[in-house]
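The values are calculated or read from the model by the stated rules, or taken from the named source; none is laboratory data. All values reported here derive from a predicted model rather than from experimental measurement. Reconstructed Cβ throughout: ideal geometry from the backbone, glycine too, with neighbour counts over all protein chains shown. Please note that ligands, DNA and RNA were not included when accessible areas were found on the heavy atoms of the full protein model with its side chains. Shrake-Rupley method; radii C 1.70, N 1.55, O 1.52, S 1.80 Å.
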Amino acid sequence: MGKLLLSQGQVSILFSAVIVFLFTLALFLSGFVLQQRYVHSLHLAIKPRLPKPLPAQAPLQPPTLDAKWARGMGERLEVDESVQQRMDAASIDWSRLGYVQVVKDHSELCSAIMLLADLQAKRSPAKRVLMFPTAWVKETSEEDWNAQMTTTKRLLRTAARRHGAKLVPIEPTEAGADESLASSYSIAAMYSLTSYERLIYLDGPGVVLDASALDSLLAFSPSTPMNAFPATPERKELSTSLLLITPSHERYRQLKERRLSQRSTDLELLRQTFDTPASLIAESTLAMGNVVYESQGLREASDDFNVTAFHERTTFVRLRERDMAGPEYDVPYTEWARLRPQNAQAREAWESMYETFRQRRMEVCGLDLEYWVGPGGV
Ligand SMILES: *[C@@H]1O[C@H](CO)[C@@H](O)[C@H](O)[C@H]1NC(C)=O
């Protein structure tokens, strides 16, 4: 019996060991629980959003485009929650759907990457593709080195590594054309991306406020060669502000041949090739709110303009004013104050778009605004 009794010293050592063990266990368990919670929220954060169904194909009265924001508040129509669309949502092959940017000039590169970065930040599950002149990645000799090319190469690396963009170099449309001229390239090049079923092209510079409407368009639209946003509410001509296309070798060849036979801008080329209204995006798309909105519309906003409603229902804001340099430029304050919207709520929306652009430009490209040389100088 005496042998089993522990001395006082031994008891206290045993007691301490148990205490240490219990504390270690408690520490481990709390760490484990915290980690599980963190992993769960991480899962939620990186999980791509599934798209909402497209609106019902009911005709809209009256067919207004962005004009409705200038006039007052438009109502959003009910979406078409048909069983078919909801069933299809789970089986969408996102590897065949994507957003494409076609860059022809160094000055456009940052804005193109910003749009792809915005779509990534808004957790779009679709692919991102960046097309740019092959000349930019050709080996350059010591003499050819310049600061612009260094920035371009850095931005291309950023696009691929940080924003998961697939880099696709393109050749001039016409063999032997000047590789350094933007006009030697065409957005028709995106028709060569035949591994994709549908692609959306957005005309920057701009800000993507919400990717879900664009994802819905990608996911549920029929595959037709061209689905373009109309230039005006009358739906007479297409614009290049948003293009939803299905690439094909045949279309690519056709566009290339047409372009070779006569020099034309991309807009002219597309207008000549695709008939309207057959190649225009469905009118029911208007029920999704402002899928594409041009910032200058805010300068004609009506008195009852509501900035909260605007943010809630707007998808892509293209930053473009008739009489002002692009958002990449540092416009002098007097000029800025003269051009901004008069209406207080519209001004808030307008200024926040330009400010968001400026901040994103720094975050995504590490670039400040460009020096503005005055009217006519840009
Ligand atoms: C603006 O719109 C929001 C959201 O649609 C709404 O809650 C708010 O009441 C509106 N404000 C005014 C002044 O109409």
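Okay, residues lined up against (1) more than 30 Å from Ala346 (Cβ to Cβ); (2) out of contact with any Phe, Trp or Tyr (no Cβ under 7 Å at 6 or more places or on another chain); (3) free of Cβ contacts under 8 Å to residues at least 12 places away in the same chain:
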position	(1), (2), (3)
Ser216	no, yes, no
Pro233	no, yes, no
Glu257	yes, yes, yes
Ser264	yes, yes, yes
Phe274	yes, yes, no
Leu280	no, yes, no
Ala309	no, yes, no
Thr314	no, no, no
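List the strands (runs of 3 or more DSSP E) inside region 188-242, counting only whole elements, that have at least 1 residues being of a type in the set (Ser, Thr, Tyr) and open to solvent by 10 Å² or more (accessible area, probe 1.4 Å). Quick ask: steps written out before the conclusion?
Details: elements: 198-202, 206-208, 226-230.
Filter on region 188-242 gives 198-202.
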**Message:** Criterion first (part of a helix (DSSP H, G or I), open to solvent by 20 Å² or more (accessible area, probe 1.4 Å) and not hydrophobic (A, V, I, L, M, F, W, C)) does Ser183 satisfy it?
**Reply:** yes
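Starting from residues that are in a helix (DSSP H, G or I) and open to solvent by less than 60 Å² (accessible area, probe 1.4 Å), keep the ones in region 140-152 and report whichever is modelled with the lowest pLDDT.
Kept after step one, since they are in a helix (DSSP H, G or I), are these residues of region 140-152: 142-144, 147-152.
Going one step further and asking which of them are open to solvent by less than 60 Å² (accessible area, probe 1.4 Å), we end up with 149, 151-152.
Working: Met149: 90, Thr151: 94, Thr152: 95.
Checking each candidate, the answer is Met149.
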**Prompt:** Is there a residue in region 49-59 that is at pLDDT below 55 and either surrounded by 10 or more Cβ atoms within 10 Å (Cβ to Cβ) or farther than 30 Å from Gln342 by Cα (or both)?
**Reply:** yes
**Request:** Go through Ser284, Ser302 for me and flag whichever is within 16 Å of the ligand (Cβ to nearest atom) and more than 21 Å from the chain's Cα centre (by Cα).
**Result:** Ser302
**Prompt:** Would it be correct to say that Arg313 is closer than 19 Å to Leu54 by Cβ and basic (Lys, Arg)?
**Reply:** yes
**Request:** Would you check which residues across region 316-345 are away from the ligand (no atom under 13 Å from the Cβ), of a type in the set (Gly, Ala, Ser) and either closer than 28 Å to Ala287 by Cα or without any contact (Cβ under 8 Å) to a residue 40 or more places away in the chain (or both) and list them?
**Result:** Ala337
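Run down Leu280, Leu319, Leu260, Leu255 and say which single residue is in the same structural domain as Val103 (by TED's automatic domain parsing) and touching a helix residue (DSSP H, G or I) at 6+ places or on another chain (Cβ under 9 Å). Reasoning before the result, please.
Numbers: Leu280 fails: touching a helix residue (DSSP H, G or I) at 6+ places or on another chain (Cβ under 9 Å); Leu319 fails: in the same structural domain as Val103 (by TED's automatic domain parsing); Leu260 fails: touching a helix residue (DSSP H, G or I) at 6+ places or on another chain (Cβ under 9 Å).
Matching residue, one of Leu280, Leu319, Leu260, Leu255: Leu255.
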**Request:** Could you identify the single residue in Lys127, Lys166, Lys104 that is open to solvent by less than 60 Å² (accessible area, probe 1.4 Å) and modelled with pLDDT of 95 or more?
**Result:** Lys104
